[in-house]
Structure formats: C-alpha cells, structure tokens
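The values are calculated or read from the model by the stated rules, or taken from the named source; none is laboratory data. Here the structure is a predicted model, which is why all the values come from computation and not from measurement. Cβ placement follows ideal geometry from the backbone for every residue including glycine, while neighbour counts extend to all protein chains displayed. When the accessible area is computed, the model is the full protein with side chains, heavy atoms only, and any ligands, DNA or RNA have been set aside. Shrake-Rupley method; radii C 1.70, N 1.55, O 1.52, S 1.80 Å.
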Amino acid sequence: MNNSARLVKQIIKPQMVIEGAGVRLLRSFGPSRENLFDPFLLFDHFAFNDPLEGPPVGFPTHPHRGIETVTYMLDGNVRHRDSLGNMGTIGPGDVQWMTSGRGIMHEEMPKRGPSGEINGFQLWVNLPAAEKMSQPRYQEVIAESIPLVEKDGIKVRVVAGEYDGVQGPMTEIAAQPLYMDVTLEPDSQIQFSVPRGHNAVSYVFEGEGVFGIDDDGQGESIEALAMVEFEDGENLSVRTNSDSPVRFMLMAGAPFGEPIVPYGPFVMNTQEEIQQAFIDLRNGTFVQA
Ligand code: FE2
C-alpha cells in the first residue's frame with residue numbers, strides 16, 4: 001500500500017474563549033505542555049460581528065517571549081504598536097509575522113472595516129530553544145505583495161512556504177512553515193506536498209470540502225468552522241463537490257521536539273525561564289534595545 005497520502009487524523013471544533021481586554025475568540029488550540037501541534041502553539045479566529053457588542057475591545061500593551069505571532073486579516077483592521085518602534089495598521093489580506101525572540105511589548109487593537117466586520121486569524125509558532133532569546137524581528141507584508149496562484153478553480157495566497165513553484169514572502173522562519181489561504185471553487189481539487197515528519201493542520205472557515213483524500217479518492221467531508229489535523233505523509237489533497245466552494249488556511253511546519261512550558265504570552269522550555277521572564281519584566285530588562 002502506498003501510504004504517502006495524508007489522511008484526516010482529527011477534527012477540532014473551535015471553542016469560544018476571552019482574551020485581552022475582553023475579546024471573544026474562537027480558539028482551535030492553545031499552548032500546552034503536550035505540544036500536540038509542534039511547532040504550532042495556538043490558532044485563534046477573531047470575528048467581532050455582533051452589532052450588540054458595541055465598539056471592539058482589543059489587546060492593550062502586553063509582552064511576548066519565545067514565540068512568533070502571525071496575524072492574518074480577512075476583513076477590518078488591527079492597529080498595532082510595539083517596543084521595536086513599529087506602528088501601523090494591518091488591513092484585509094495583510095500579514096504581520098512578529099518574532100518576539102527574547103522580548104517584545106506590543107498592543108493590538110482591532111477596528112471594524114467598511115462592512116462593519118472584523119475577521120482574521122492569529123497563529124502562534126514556537127521558536128526552538130536556540131532562538132528563544134534571539135533579537136526580536138518583525139515582518140509585515142501588505143496584501144498586494146503576497147503572491148496569488150490562480151488556476152483551475154483554485155486560488156492560493158502563499159504567505160510562507162511554496163506552492164506550484166511560487167514562494168511566499170516570509171523567510172528565515174525556524175519552523176520552515178507553510179502558511180496559505182486556499183479557496184477552491186465547486187468541483188475542484190488541490191494537492192500540496194508537505195514534507196514527511198512535518199505537522200499539518202487546516203482551518204476551514206468558509207464552505208465545505210473533502211479533506212485528506214486517500215489513494216482511492218476517499219476523504220472526509222468537513223464544513224466550516226473546523227480545524228483539521230492530518231496524519232503524517234507526503235501529499236495532502238482537498239477537493240470540493242459540486243454544491244459548495246471551500247476556503248481554508250493550511251499550516252504545516254517542522255516540529256522541534258523540545259519540551260515547552262507555556263505561561264500566558266510566554267512559551268519557554270523550562271519553568272526557570274518563565275520565572276526569568278517575570279524577573280526581567282519587573283527589573284525593566286525585558287525589552288533590550
Ligand atoms: Fe500579542
């Protein structure tokens with residue numbers, strides 16, 4: 001038997017959580033010592049689209065250490081400001097890839113777009129022990145600079161990694177990630193190659209598709225909203241039936257296989273390193289120029 005096709009391992013229903021100054025989020029998974037999605041730590045979907053909610057609240061100034069946070073907007077904006085001196089607005093289709101390294105302080109404040117909606121994702125990617133205390137780094141790519149591959153009813157925005165010979169703009173990320181926004185029209189099919197041993201997950205946020213197609217053309221029908229985890233393998237295939245398109249984020253990365261200790265906005269390898277983060281905050285040495 002050829003077992004190179006990545007099958008569906010599990011389907012996770014996102015759960016409502018409250019973070020920041022009272023922001024409601026749909027969380028598919030969060031940081032845990034089990035580190036089940038290594039190198040990915042967290043995936044949140046923020047959608048503040050209840051008119052009774054009033055003005056959106058955000059994430060006032062907070063620290064991060066030991067991780068990368070990746071913000072991808074579909075609709076609306078996030079105004080941000082950080083201790084590296086970056087300041088600006090992440091708008092629809094834009095990506096911010098923030099490598100906290102040893103320490104960054106930032107503020108993230110969502111704003112509704114012209115449609116009245118805010119819709120986007122935040123992904124946390126782990127850093128290996130050797131890079132947890134590295135220099136903070138910040139990459140922002142505006143929508144127009146993210147390559148779009150469009151063919152045969154398929155649209156792929158390549159944020160990181162490669163699809164069909166097209167390379168995404170995010171580079172030098174330790175986890176060697178694939179991060180793509182994929183849309184399939186009805187009656188379409190797509191195949192990605194994901195290196196064996198890398199972990200792959202997919203967040204389905206519009207429509208319905210058949211995921212994890214095996215060598216006999218069979219897969220699992222999955223409807224938005226859902227997080228799909230895949231088995232190991234080389235090829236990952238998704239198709240649509242004639243009655244629905246599907247849109248999903250595909251994420252894959254090389255696991256670090258290191259123990260982790262998550263605590264709020266910090267993810268380190270040991271309890272002592274978490275304590276050190278608090279000591280540095282208290283002593284004013286958390287952020288270094
Ligand atoms: Fe943050």
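All but one of (1) closer than 30 Å to PHE192 by Cβ; (2) of a type in the set (D, E, K, R); (3) open to solvent by less than 20 Å² (accessible area, probe 1.4 Å) hold for ASP75; state the number of the condition that does not hold.
Of everything listed in (1) closer than 30 Å to PHE192 by Cβ; (2) of a type in the set (D, E, K, R); (3) open to solvent by less than 20 Å² (accessible area, probe 1.4 Å), ASP75 misses just condition (3).
Please verify whether segment 117-128 includes one or more residues that are surrounded by fewer than 17 Cβ atoms within 10 Å (Cβ to Cβ), of a type outside the set (Lys, Arg) and without any contact (Cβ under 8 Å) to a residue 12 or more places away in the chain.
No; the residues of segment 117-128 include none that is surrounded by fewer than 17 Cβ atoms within 10 Å (Cβ to Cβ), of a type outside the set (Lys, Arg) and without any contact (Cβ under 8 Å) to a residue 12 or more places away in the chain.
On the given criteria, is LEU148 modelled with pLDDT of 95 or more and within 15 Å of the ligand (Cβ to nearest atom)?
On the way: modelled with pLDDT of 95 or more: yes; within 15 Å of the ligand (Cβ to nearest atom): no.
No: the conditions fail for LEU148.
Restricting to segment 93-126, name every residue that is outside any strand (DSSP E or B) and at pLDDT below 95.
First, the residues of segment 93-126 that are outside any strand (DSSP E or B): 93-94, 100-103, 112-118.
Of everything in segment 93-126, those that are outside any strand (DSSP E or B) and at pLDDT below 95 turn out to be ARG112, GLY113, PRO114, SER115, GLY116, GLU117, ILE118.
With the structure loaded, tell me whether GLN139 is open to solvent by 20 Å² or more (accessible area, probe 1.4 Å) and either assigned to a strand (DSSP E or B) or free of Cβ contacts under 8 Å to residues at least 24 places away in the same chain (or both) or whether it fails that test.
Values: open to solvent by 20 Å² or more (accessible area, probe 1.4 Å): yes; either assigned to a strand (DSSP E or B) or free of Cβ contacts under 8 Å to residues at least 24 places away in the same chain (or both): yes.
Against the criterion (open to solvent by 20 Å² or more (accessible area, probe 1.4 Å) and either assigned to a strand (DSSP E or B) or free of Cβ contacts under 8 Å to residues at least 24 places away in the same chain (or both)), GLN139 qualifies.
Within segment 267-281, which residues are out of contact with any Asp or Glu (no Cβ under 8 Å at 6 or more places or on another chain) and in contact (Cβ under 8 Å) with a residue 12 or more places away in the chain? Give the steps one after another, and end with the answer.
Just the residues of segment 267-281 that are out of contact with any Asp or Glu (no Cβ under 8 Å at 6 or more places or on another chain), to begin with: 267-268, 270-281.
Passing the criteria: VAL267, MET268, GLU273, ILE274, ALA277, ASP280, LEU281.
Answer with yes or no whether GLY264 is within 12 Å of GLY103 (Cβ to Cβ), open to solvent by 20 Å² or more (accessible area, probe 1.4 Å) and either among the small types (Gly, Ala, Ser) or in contact with a Cys (Cβ under 9 Å, 6 or more places away or on another chain) (or both).
Details: within 12 Å of GLY103 (Cβ to Cβ): no; open to solvent by 20 Å² or more (accessible area, probe 1.4 Å): yes; either among the small types (Gly, Ala, Ser) or in contact with a Cys (Cβ under 9 Å, 6 or more places away or on another chain) (or both): yes.
No.
Among the residues of segment 58-77, which ones are more than 10 Å from the ligand (Cβ to nearest atom), under 23 Å from GLY253 (Cβ atoms) and in a strand (DSSP E or B)?
Residues satisfying the conditions are ARG65, GLU68, VAL70, TYR72, MET73, LEU74.
Might you check whether a residue that is surrounded by 15 or more Cβ atoms within 10 Å (Cβ to Cβ) and either farther than 20 Å from VAL8 by Cβ or free of Cβ contacts under 8 Å to residues at least 12 places away in the same chain (or both) occurs anywhere in segment 234-257?
yes
Return the residues of segment 154-182 that are open to solvent by less than 30 Å² (accessible area, probe 1.4 Å) and either aliphatic (A, V, I, L, M) or more than 28 Å from ASN126 (Cβ to Cβ) (or both); say none if nothing qualifies. Break it down into steps so the answer makes sense when it comes.
Taking segment 154-182 as the starting set, the residues that turn out to be open to solvent by less than 30 Å² (accessible area, probe 1.4 Å) are 154, 156, 158-161, 163, 168, 170, 173-175, 177-182.
Of everything in segment 154-182, those that are open to solvent by less than 30 Å² (accessible area, probe 1.4 Å) and either aliphatic (A, V, I, L, M) or more than 28 Å from ASN126 (Cβ to Cβ) (or both) turn out to be ILE154, VAL156, VAL158, VAL159, ALA160, MET170, ILE173, ALA174, ALA175, LEU178, MET180, VAL182.
Taking the options PRO186, PRO177, PRO169, PRO195, name whichever one is in contact with a helix residue (DSSP H, G or I) (Cβ under 9 Å, 6 or more places away or on another chain), on the phi < 0 side of the Ramachandran plot and at pLDDT 95 or above.
Values: PRO186 fails: in contact with a helix residue (DSSP H, G or I) (Cβ under 9 Å, 6 or more places away or on another chain); PRO177 fails: in contact with a helix residue (DSSP H, G or I) (Cβ under 9 Å, 6 or more places away or on another chain); PRO195 fails: in contact with a helix residue (DSSP H, G or I) (Cβ under 9 Å, 6 or more places away or on another chain).
It is PRO169.
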